[in-house]
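Undergrad: Let me begin by handing over the structure; questions about it come next.
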Amino acid sequence: MNEITIPNVVVGQSYDASVPRPPMCAPPWSGSWLAHKVLRPYNRLRHALLRRDRIDTRSRAIRNVHALASSLTDIDEHLETMYVEGLLCRPRLIVELGVRGGTSTAIFEQVAEICGSTIISGDIDDCSRVARSPRWHFFRDDDVHLAEMFPQHCQQLGIAPEVDLLFIDTSHYYDHTVEEIRAWFPLLSRRAKVMFHDTNLRDVGPRKDGCFQLGWDNQRGVIRAIEEYLGIQINEREQFSDVVSGWLLRHWPNCNGFTILDRIA
């Protein structure tokens with residue numbers, strides 16, 4: 001594993017995990033709050049009326065992925081992409097930053113079952129019960145500190161501290177994402193894939209199914225950190241692919257945005 005430098009990251013304010021964060025929801029009776037109140041029942045109705053059966057498949061894993069994606073969530077439209085891209089990566093080690101209810105964990109469990117991968121997940125909350133796979137190892141920790149402890153954890157697990165698939169879905173704040181990139185990218189393998197969720201996060205955003213994605217404005221936190229790492233400008237409202245700074249960059253604007261970096265050099 002070769003360490004890489006990150007010359008393009010400029011930190012305006014250092015990340016401190018102990019500093020309380022602003023609430024990730026709109027204040028009562030604000031414009032965003034009212035919009036969410038109106039659009040939420042519309043989303044439920046439209047999703048129920050337009051729900052279609054998935055194509056029949058013999059694959060139990062694909063059926064599980066489709067079942068997870070059948071619920072209207074903030075990431076459902078990206079779950080099949082996560083699964084397929086995970087399989088194509090054939091990861092030995094998957095690291096998941098941000099667990100919450102375990103939806104992404106369940107996707108990576110399907111990948112690990114086929115590829116024989118080890119999964120390490122980290123979250124500041126206790127998410128130790130969201131999965132039961134023997135391949136899954138949970139650490140309750142701030143993910144920047146988890147990166148510092150990562151070689152030690154890998155030694156205890158008897159695995160090489162080289163991350164083939166990194167998934168980042170945590171606070172969605174710019175300064176935190178900058179520090180995540182700085183802490184975790186030196187731990188990536190030479191064939192690594194990095195997935196970022198919430199790269200087009202806004203109060204009301206697009207979905208492919210005609211519903212409205214309801215979120216909050218993080219001031220382009222995640223995508224701005226990616227821009228500064230790569231030294232480019234990104235229009236996160238458009239779907240696109242690009243090759244830049246030794247990475248294949250692909251971005252989808254729907255469902256809060258999803259961005260994948262594949263190391264190609």
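Undergrad: Only helices (runs of 4 or more DSSP H) wholly contained in the range 24-89 count here; list those with 3 or more residues that are within 26 Å of residue 107 (Cβ to Cβ) and basic (Lys, Arg).
TA: 31-50
Undergrad: Take the residues in the range 197-238 that are part of a loop (DSSP other than H, G, I, E, B) and of a type in the set (Val, Ile, Thr); name whichever of them is farthest from the chain's Cα centre (by Cα).
TA: 232
Undergrad: Residues 92, 58, 140, 129: which one is of a type in the set (D, E, K, R) and within 25 Å of residue 261 (Cβ to Cβ)? Spell out how you get there, then give the answer.
TA: Details: 58 fails: within 25 Å of residue 261 (Cβ to Cβ); 140 fails: within 25 Å of residue 261 (Cβ to Cβ); 129 fails: within 25 Å of residue 261 (Cβ to Cβ).
Only one candidate qualifies: 92.
Undergrad: For residue 44, which of the numbered conditions (1) surrounded by fewer than 12 Cβ atoms within 10 Å (Cβ to Cβ); (2) at pLDDT 90 or above fails to hold?
TA: Exception for residue 44: condition (1).
Undergrad: Across the range 116-136, what is the number of residues that are surrounded by fewer than 18 Cβ atoms within 10 Å (Cβ to Cβ) and free of Cβ contacts under 8 Å to residues at least 60 places away in the same chain?
TA: Of the residues in the range 116-136, the ones surrounded by fewer than 18 Cβ atoms within 10 Å (Cβ to Cβ) are 116, 124-126, 128-129, 132-135.
Now drop any that are not free of Cβ contacts under 8 Å to residues at least 60 places away in the same chain, which leaves 116, 125-126, 128-129, 132-135.
The number of residues fulfilling the criteria is 9.
Undergrad: Return the pairs, sorted by first residue and then second, in which the second residue is of a type in the set (Phe, Trp, Tyr) and part of a loop (DSSP other than H, G, I, E, B), the first residue lies in the range 215-233 and is closer than 13 Å to residue 176 by Cβ and without any contact (Cβ under 8 Å) to a residue 40 or more places away in the chain, the beta carbons are less than 8 Å apart, and the residues are 6+ apart or on different chains.
TA: The qualifying pairs do not exist here.
Undergrad: Considering (1) in contact with a strand residue (DSSP E or B) (Cβ under 7 Å, 6 or more places away or on another chain); (2) without any contact (Cβ under 8 Å) to a residue 60 or more places away in the chain; (3) closer than 30 Å to residue 159 by Cα; (4) not polar (S, T, N, Q), say which one residue 240 fails and leave the rest.
TA: Failed condition: (3).
Undergrad: Something else now. I'd like to verify a number: residues in the range 67-104 that are of a type in the set (A, V, I, L, M, F, W, C) and either on the phi > 0 side of the Ramachandran plot or within 14 Å of the chain's Cα centre (by Cα) (or both), how many?
TA: So the answer is 7.
Undergrad: Another question, if that's okay. What do you reckon, is residue 182 among the charged types (D, E, K, R), at pLDDT 95 or above and either in contact with a Lys or Arg (Cβ under 7 Å, 6 or more places away or on another chain) or surrounded by 22 or more Cβ atoms within 10 Å (Cβ to Cβ) (or both)?
TA: Numbers: among the charged types (D, E, K, R): yes; at pLDDT 95 or above: yes; either in contact with a Lys or Arg (Cβ under 7 Å, 6 or more places away or on another chain) or surrounded by 22 or more Cβ atoms within 10 Å (Cβ to Cβ) (or both): no.
So residue 182 does not fit the description; no.
Undergrad: Further, regarding this structure: When you scan the range 147-165, do you find a residue that is in contact with a Cys (Cβ under 9 Å, 6 or more places away or on another chain), surrounded by 18 or more Cβ atoms within 10 Å (Cβ to Cβ), without any contact (Cβ under 8 Å) to a residue 60 or more places away in the chain and more than 26 Å from residue 36 (Cα to Cα), even just one?
TA: no
The values are calculated or read from the model by the stated rules, or taken from the named source; none is laboratory data. No experiment lies behind these values; they were computed from the predicted model shown. Every residue, glycine as well, gets a Cβ built from its backbone with ideal geometry; the counts of neighbours run over all protein chains shown.
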